[in-house]
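Only one structure is covered here, and it is reproduced in the block below.
Coordinate-derived values only; no laboratory data. Computed from a predicted model, the values in this text were never measured in an experiment. Note: ideal-geometry Cβ built from the backbone for every residue, glycine included; neighbour counts use all protein chains shown.
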């Protein structure tokens, strides 16, 4: 690190990413040729200047006090150079590291659908927006699936600045008469502009730095899922409310035709997607538990807006139940039908940002199975 910052042959700015002990991005740090340090954002007050202290490299503030100290270096799992040390946070020194450069920022869309879940959205969405303020190229897609609980009014009153900035895009569709989970998620991901898209249920919290985590972990050949994995087995018994969370390239999602819109009730739609993605050669990896937290609620809440309210969690159920959905999924996979919906992925009419634009989502070209 000393060589990189002090070598007279280096005239360009040196760019770093400051990561906390869990690997989440905290800030972008730029060492200027004149020895000063620019930090954005700067939650710990690190902006100042570089200073040597033996083999250590310090950041000192305007008063000359040390606010960060980096003493060792190594490589991460992808061969990128890391410089380990600690930063001063209030009276405490907390372990952090600097990573040189970083991959180009990829646009990410965090997509939430809601039908009469304002009581959840008002808790989760503002927190999720705040917790991901470190990632610049990020949008939140909120699809109001014909709610009657005042969701749109609440968004206008409380999140108008986020809409004006482009950080939040609010879409409303008046067509649904019931909540259709797979169609609503397909629609929200169709509307997303990100290279990487992620379903975040209305009752889910992302945790701090989730978008930065996705930017580092999601690749064109993998999908991150909220379900725990033991070896190659999906451990749905350990569902903590985030099994339906998944993040992948939008092109990957469309490669299997999205979620199966023949699933009209509750349950197994996410597992079906994961199995079909794996069948197409994509790797499934679990999202780290620190990013998977939700508001607990009962099955009455889950089924209230469904056409078929028998979930089948405790016994074999009828149409729309998890059992019927699983049988359909098993039959499709056994017959090699991995690409579903025949191009009709999240089709319908929506209005963006309270009348700004009307959008009609039509069928896409049918992909080969």
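Computed quantities for the displayed model
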quantity	calculated
DSSP bridge pairs, the chain: antiparallel proportion in percent, nearest 5	75
Descending Cα extents along the principal axes, the stretch 48-204, whole Å	69, 34, 24
Rg ratio (alpha-carbon, reference 2.2 N^0.38 Å) - the stretch 161-214	1.29
Angle between the chain longest axis and helix 118-131 axis [Cα atoms, degrees, rounded to 10]	30
Whole-percent pair-distance distribution, where bins are 10 Å wide, for the alpha carbons of the stretch 123-256	11, 40, 37, 11, 1
Computed [θ] at 222 nm, helices only, for the chain once each DSSP H run of length n ≥ 4 contributes -39500 (n - 2.57)	-6500 deg cm²/dmol
FRET efficiency, residue 55 to residue 217 (Cβ-Cβ, R0 35 Å, nearest 0.05)	0.60
Selected from 351, 71, 322 as most flexible by GNM, with the chain as the system and alpha-carbon contacts under 10 Å	71
20 Å tail of the calculated P(r), the stretch 2-100, as % of Cα pairs	29
Principal-axis tilt of helix 269-279 within the chain, Cα atoms, nearest 10 degrees	70
Degrees, to the nearest 10: 322-334 long Cα axis against longest axis of the chain	80
Among 133-141, 53-61, 158-166, the order from most to least packed when residues are scored by Cβ within 10 Å on average	133-141, 53-61, 158-166
GNM result for the chain, Cα springs below 10 Å: residue of 187, 235, 259 fluctuating most strongly	235
Relative exposure of 178, 92, judged by other C-beta atoms within 10 Å (fewest first)	92, 178
Theoretical FRET efficiency, 1/(1+(r/R0)^6), r = Cβ-Cβ of residue 32 and residue 76, R0 30 Å, to 0.05	0.75
Two-decimal log10 I(q)/I(0) for the chain, as the Debye equation yields it once each C-alpha is a single scatterer, q = 0.13 Å⁻¹	-1.03
Among 241, 343, 64: highest mean-square fluctuation, GNM of the chain, C-alpha pairs under 10 Å	64
